[in-house]
Structures are given as C-alpha cells and as structure tokens.
Number of protein chains: 2
Amino acid sequence: MTLKVSDIGEKELVKYIISNSKDITPDDTAVTPLNGSNLISTCDMLIQSRHFPQNMSYFDMGFKAVTVNVSDLAAMGAEPLGFLLAIAMPKELKLDDFKEILDGVLKACDYYEIPLIGGDTNEASEIIITGTALGLADKPLMKDTYQNGDLIAITGDIGLAALGFNFDSFDNIYVKQALEPKARIKEGLILKDFATSATDITDGLASELYEIKKDGLGFMIHEKLLNVSDEYKELASKLNLDYLDLILHVGEDFELLFTIKKDDLEKLPIDCKVIGEVNDSDVIELTLENGFVERIKNKGYEHYVSE
Amino acid sequence: MTLKVSDIGEKELVKYIISNSKDITPDDTAVTPLNGSNLISTCDMLIQSRHFPQNMSYFDMGFKAVTVNVSDLAAMGAEPLGFLLAIAMPKELKLDDFKEILDGVLKACDYYEIPLIGGDTNEASEIIITGTALGLADKPLMKDTYQNGDLIAITGDIGLAALGFNFDSFDNIYVKQALEPKARIKEGLILKDFATSATDITDGLASELYEIKKDGLGFMIHEKLLNVSDEYKELASKLNLDYLDLILHVGEDFELLFTIKKDDLEKLPIDCKVIGEVNDSDVIELTLENGFVERIKNKGYEHYVSE
C-alpha cells in the first residue's frame, strides 16, 4: 500500500521534518543564539477553509493570523521584534475585503506592539495567510523543562473558543473568544522569570500535555480546578456536546500552559489558574469532580470544520 | 463598480501594504537593526499551480522554495542565519512525495549553508510552500542606492529559465535553469563590499529596473552586452517567441542585478556581465544591436502559467 500524508497526520509529518534536521529546536519556535541573546522565530500558515470559522470577519482573519504567531513568541517569553505577512487570495476577492484583512493585521501588530516589517501577496483559490513572527529572548522558556512536583497552571479560562465555534451569531463571550482570540504576550514576558516551562494551548489542553510529556513524568489535572461554570455545562449539553471534551480536546484559546514551583506561585504578578501538578506517574490523568480518576486521551485538535 | 484585488494587481497590493506600515523597508527584505548589525528577514509563498512548472519534480519544488527566499538574502548581501518551512499539501499526496519535497528543502539548505530551523505542515487543495529566510547584514545592500554614472551588471546569464519554461523535457541548459535555479548567496556576500546597490531578478530585468528606478535617473541597457547566443535566438524563434521579450520580461533566473562604480569593477573578485549604465535620462532604454534605441516597457512577470 502506498502511504499518503493523511495516513500519518500532521504531527507525525512535523516530527519527520524535525528528525531530519539537526538544527530544529523541537519547541514552540526556533531558537537561534545571536550575540548573547536568542533570536526566536516562528511561521504559521492559516487556511480559510480550515482555520477561519465561516462567520469570522476579514478583519478578524487578519488579527488571528498575527495572534497565532505572536502566541508562539509568548510561549517562549520573547520580546516581539517584527512580523512578516504573506497572503494569498482568490482573484475575485473584493479590494475592500483585502483592506479589511490588512487592517486586522495592522491592528493586531499595534495591539501586540510588534512592527509589521514585510508583506507579500499572491493568488490562490482561497485565503491563505502565512505569518512569521520574530522576537528576542534572553532566557527562552522551553516547554519541557519542568520537574516532578511543579504545579501546572494556565493564564486564563480554556474551552471558551471550543464552545464558541458552535454558535453562528456573535452574541456571547464564547463566540467572542472563538473569533477574537488574544495572545498572552505580556504574560509570557513575566512568566519567563517565574515559570519552569511554558507552551501555548492551540490544539487543546490534552494535546499540549502529551506534547510536553517526558518519559517517567506525568500530569494530574483536577476538574474542579478548571472551574467550569454551570452555564458552560448547560450550553454544551444543549448542543449535545461533552463539556470536558470541548475543554480538553479543542483549544484555540491561545492561553499559556505553564509549570511553576509552589514557592514562586505566590510571587507571580499575573492572574492564573493552577489546574494540576507534575508527578512521576508517567501518565496524564484527570481527577473528575466526583473523585474518580481517568486517563486523558491523546486526542489532538482536528480543527473545528468537518473534513 | 466594486474593485477586486485582481483589478489592481499584486505589485499595487504590496505597495498598499507598505504604505500602511511605517515599519516596512521597501526593499528585497525587511531590515531590522539588531545589536549593531541588521536582522534580514523575508518570507515568500510558492503555490504549485502558479510557481512550479508541471514537469518540476517534488525535490526541485522543495529546493526552489529555499532558493527564492535565499535569493532575497543574497540581494541584501546577508549572511544566512536560518530557514523556516511551512508547507500545505493535499491529503492525497503520497508520503514519499512529501519526503522528496523535504529532501529538496534540506539539500538546498545544505547547498546555501542555511540551517533549517523550523517546520510546520498543513492541508490544502494544492502544494503551497512558504519559506522564511533569516540572515544578518552589517551593511545591507539596498536596491536604490546607486548614482548617476554607475555601471549596471548582472551575476550571470538571464533569460535561460524564461526559455526553459517552454520545453517539457529535461534536455537542455534552459530547462535546467527553469527547474533548478540557484541563488547567488556567495556573490551577494562579496558584492556588499563593492556594489552601490543590488536586487535579485525574479520578475524579469525590465520589472526590476522599474522597481529600483528613482526620479530623475534612468538606465541604458545595451543589447550587445547581454550577449545573447545564436542558439538562444534560434530556439526562441522556433517557439514563435521574441527573445528580447523572454530576456527582459520573464525572469526566474535568480541572478543579482547590481550597480557598481567603474573603478570598483576591476577589483570585483567574481564573474559578472556589465549590461549598461545609470544615466540622468529619467527613462529606461535599450540600445538594440542595430544601434536603435527603444524604451523598455514596464511589463511585469505574470508567471509562466497561463491564467
């Protein structure tokens, strides 16, 4: 049988790329030592039919293209240096729509205080935006440098966007989070002096935990610490969706997932939510609200559009 | 009438982006001052149906994705620092074909001595490769810093790829140049100490000359200095193509176009071909082999595939 790229999946393809280059840092971004600091670089491609919900405005598409890349800088504790935009569009796209996309990119660059330093356009059958974010980090915050006993925390609520993708109209905080996510660049810059490791949650909490897991160590997450509201549970239930599935396996909130020593947590000058701890179980588990413990599945985020 | 993006064209769209960001250097790449040097960054997206001839191998697609980006570094006289790869592919692409593309990328990175520092994959209806090339330049070689009286030169023959796109089989130097172009990274590093300006020829000589033209100054190109071979003229004629049109208006050779003072030309330790000079005519002209002078049209490269 001839294998197709879809037979092994995107994560394995990326692993194949990494295993074939001795120069790739297997982390949220590339890290290149440079004059006593580190150049942080990352490049993400967003494709209209896969990454933008149908009810997303052109402005929000542009904004999100910056957010997903800046979020990787945030996960490294990097100071933003510049953003490069490469955009492909159908010939028939209205000029005003293009201007709206660019406006979203520019507003996002202002918001994250990262200058737009380059731009290129192209033609394709749908909108494709590739962003490259560049930054500097004296102490890059890697994703797997935690130790047994560290606490696991997140910079904000997760699962909001996951729920929001299921509504068509823009009428609640969940849709707002789905259409207008923000990267945690300021928090990343603070975390670099306190956290023992960090990554951003793009593909869902479960997927990121498996991504950062090291042999011999494991994680225990506590449902009650996730602090899921009754409203959230009810909305999910009305949509016939499992709320824990939304929270664990979807993502797109662009919150940071980090680990921290207990003693450093008190000193940390930003809001965060401790949701569990690193242990030596070698597995990733969830303590449910009813006290039962179950294994968290390694189910990655397969995007919110059906394929 | 509602304007579409195709009504104004890619060059104008890029100008619109540049005019809306105060932080974009309107040159071959972005230039970001960094610790006494300059970070050089550039990002180019290649789309299968637009940028890869039908007879191009997967290996050559990967190689070319690196070449087009490294060529921009070369045009700035930059030392390569790292290359980031973002690739989207149809689900049905054979895994072996993906591996061949990656092999092309890796071989190109070896060839240009630029480490592959990051990789990401995605799904799309056709192959789309976005490369980001990063480099450092103490003295970035800008494209419009020439003066009246400077000589105009190129690092090698142009028009070869333009002719090669018209053959299906891989049987001559023209097809080789079309399918396996190489960027002039080493030449760029030497030129930075001799040339007064430089850019790379991707969209054709004419297009690049109009791109670098400054108010009040002009260029005179001499056909006899282009040194077009009889074989080239005959092949073009057999294909019912105008050889000067191929040479002036197609591009994709990735040679460097540069200007240099007469005195510095003798000291320049690389092969090159002087093709004309900067003057104060405010127009871009060609002296034909028969002695007649004609205006070179500002006709950009609209890719070799019919649209």
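The values are calculated or read from the model by the stated rules, or taken from the named source; none is laboratory data. In this text the structure is predicted, and so the values were computed from the model without any measurement. Using ideal geometry, Cβ is built from the backbone for each residue, glycine included, and neighbour counts are taken over all protein chains shown. For accessibility, only protein heavy atoms count, side chains too; no ligands or nucleic acids. Shrake-Rupley method; radii C 1.70, N 1.55, O 1.52, S 1.80 Å.
Here's the list of lysines a cross-link from B:Lys267 could span, going by alpha-carbon distance under 29 Å and ignoring same-chain residues fewer than 8 apart: B:Lys139, B:Lys143, B:Lys182, B:Lys186, B:Lys192, B:Lys213, B:Lys214, B:Lys224.
Taking 0.36 nm per intervening residue step and subtracting the Cα-Cα distance, what contour gain separates A:Ser57 from A:Glu113 on full extension? Could the numbers behind the result be given before it?
Working: separation 56, 0.36 × 56 = 20.16 nm, distance 2.23 nm.
Length difference between fully extended and current span is 17.9 nm.
Set the Cα radius of gyration of chain A against 2.2 N^0.38 Å, with N its number of residues, and you get 0.99.
Each residue, B:Asp138 and A:Asp168, gets one label point 7 Å from its Cα in the Cβ direction; the gap between the two is 6.3 nm.
Spin-label model, B:Glu231/A:Asp282: points 7 Å from Cα along the beta carbon direction are separated by 6.6 nm. If a/c stays under 1.5 just call it rounded; otherwise compare a/b with b/c (prolate if a/b is bigger, oblate if not). Do that for the stretch B:169-307, with a ≥ b ≥ c from the square roots of the Cα gyration tensor eigenvalues. It is oblate, given that a/c is not under 1.5 and a/b is not larger than b/c.
Taking only the Cα atoms of the stretch B:1-83, how large is their convex hull per residue, in Å³? Don't skip to the end; give the middle numbers.
Working: hull volume 9.6 nm³, N = 83.
Spread over its residues, the Cα hull of the stretch B:1-83 gives 116 Å³ apiece.
Taking a span of 24 Å or more along the helix axis (Cα atoms) and a mean Kyte-Doolittle hydropathy of at least 0.0 as the rule, the DSSP H helices of chain B that qualify are B:58-75.
Looking at the stretch B:1-110, the accessible area is 36 square angstrom per residue; that uses a 1.4 Å probe and ignores ligands, DNA and RNA. Remark on the stretch A:1-22: accessible area falls by at least 30 square angstrom from chain-alone to full-complex state for A:Thr2, A:Leu3, A:Lys4, A:Val5, A:Ser6, A:Glu10, A:Leu13, A:Val14, A:Tyr16, A:Ile17, A:Asn20, probe 1.4 angstrom. At a 1.4 Å probe radius, carbon and sulfur cover how many percent of the accessible area of the protein assembly as shown? With neighbouring chains kept in place, the figure for the protein assembly as shown is 47 percent.
When the Cα convex hull of the protein assembly as shown is projected onto planes of every orientation, the mean area is 30.3 nm². The helix-based estimate of mean residue ellipticity at 222 nm for chain A, built from -39,500 (n - 2.57) per DSSP H run of four or more residues and divided by its residue count, is -10000 deg cm²/dmol to the nearest 500. Among the GluC sites (Glu not before Pro) in the stretch B:96-143, those located in a DSSP loop and surrounded by at most 16 other Cβ atoms within 10 Å of their own Cβ are B:Glu113, B:Glu126.
In the stretch A:1-98, which GluC sites (Glu not before Pro) fall in coil by DSSP and have 16 or fewer other Cβ atoms within 10 Å? Before the final figure, lay out each step's value.
Numbers: sites: A:Glu10, A:Glu12, A:Glu92; in loops: A:Glu92.
Passing sites in the stretch A:1-98 are A:Glu92.
With a simple spin-label model that places each label point 7 Å from the Cα along the Cα-to-Cβ direction, the separation between B:Asp103 and B:Val293 comes to 5.4 nm.
Non-local lysine pairs in the stretch A:58-137, meaning eight or more places apart or on different chains, with alpha-carbon distances under 16 Å, amount to 4.
Give me the accessible area buried between chains B and A, both sides summed, with a 1.4 Å probe, in Å² rounded to the nearest 100.
Details: alone 15420 and 15420 Å², together 25170 Å².
Adding both sides of the contact gives about 5700 Å².
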